Amino acid sequence: MASDLEQICSHINEKIGNIKKTLSLRSCGQEPNLKTVLNKIGDEIITVNELLNKLELEIQYQEQTNISLKELCESLEEDYKDMEHLKENIPPHLPQVTPGTQNCVSASDLDSEEPVKVEEPACTKKPPKELRNIKEMPFITSDEFNGIPAYMKCRLTYCQINDVIKEINKAVLSKYKILHQPKKSMSSVARNLYHRFIDEETKDTKGHHFIVEADIKEFTALKVDKRFHMILNILRHCRRLSEVRGGRLTRYVIT
């Protein structure tokens, strides 16, 4: 019982002490000298808060840059592995050039009745004509990137914009590969896509290569979100594409 009373008294005394502190601080705020100090402290708190917000934005930007650099590093490593593989697996039909033997033909070989047989390397297989005619979007150059207005570019990097161009080209190639495919060899899925492609064409897109958002979702892993549309605005600014609207559909024409 005594311990309970002591706890209650201690609690009440603590509350009274807090009230006294609050009253003393309230009275301090009414004094002109202290009011000036409090105003300065308030201004400094606001300044510190703004700096913290800027620091947070900078950290997010650095994190995104770090992710882009890692992706670039992985891409370079893959290219290096491919180069090493090609170096170690040179096709045997290619002519071998060895020092001391090139341009060396003996007189007896020239006087021989048998003609010298020159083995021609096999011709490299060219892609089909219809695939060669598919127009692709050129990548953004560094000069063009530097000329993009800051309000339009925001935190987007050079690599991120060109990565989207690469995916758009992938969607264009996949779409027009189906359009150039013989109908007899089409699967049911390809045939449905073919009919959708035909229905989406208009007189304004005749003779041009274009895609819609459904093609991006069908052939790429890109997310059609706010960031994607920001990059489309940049590509329009750099004259990489134009828009043709109609029938509740936006067509992105490769220019």
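No lab work stands behind these numbers, since they all come straight from the coordinates. These numbers were taken from a predicted model, which means no experiment stands behind them. Ideal geometry is used to build each Cβ from the backbone, glycine not excepted, and the neighbour counts take in all protein chains shown.
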Quiz item: Once the other residues with Cβ under 13 Å from the Cβ of GLU77 are scored (Lys, Arg +1; Asp, Glu -1), what is the net sum?
Solution: -4
Quiz item: So how far apart, in nm, are the two label points at GLU84 and LYS183 if each is 7 Å from Cα heading toward Cβ?
Solution: 5.1 nm
Quiz item: Size of the dipole of the range 163-255 about the Cα centre, Lys and Arg at +1 and Asp and Glu at -1 on the beta carbon, nothing else charged, in debye to 20?
Solution: 100 debye
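Quick one: what do you get for the range 188-249 if you divide its Cα Rg by 2.2 N^0.38 Å?
Working: Rg = 12.9 Å, N = 62, 2.2 N^0.38 = 10.6 Å.
Output field value: 1.22.
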Quiz item: Hey, which lysines would be in cross-link range of LYS183, C-alpha to C-alpha under 30 Å, not counting anything within fewer than 8 residues on its own chain?
Solution: LYS125, LYS126, LYS129, LYS135, LYS166, LYS170, LYS175, LYS203, LYS206, LYS217
Self-check item: Proximal lysines to LYS21, defined as alpha-carbon separation beneath 25 angstrom and excluding residues fewer than eight positions away on the same chain
Solution: LYS35, LYS40
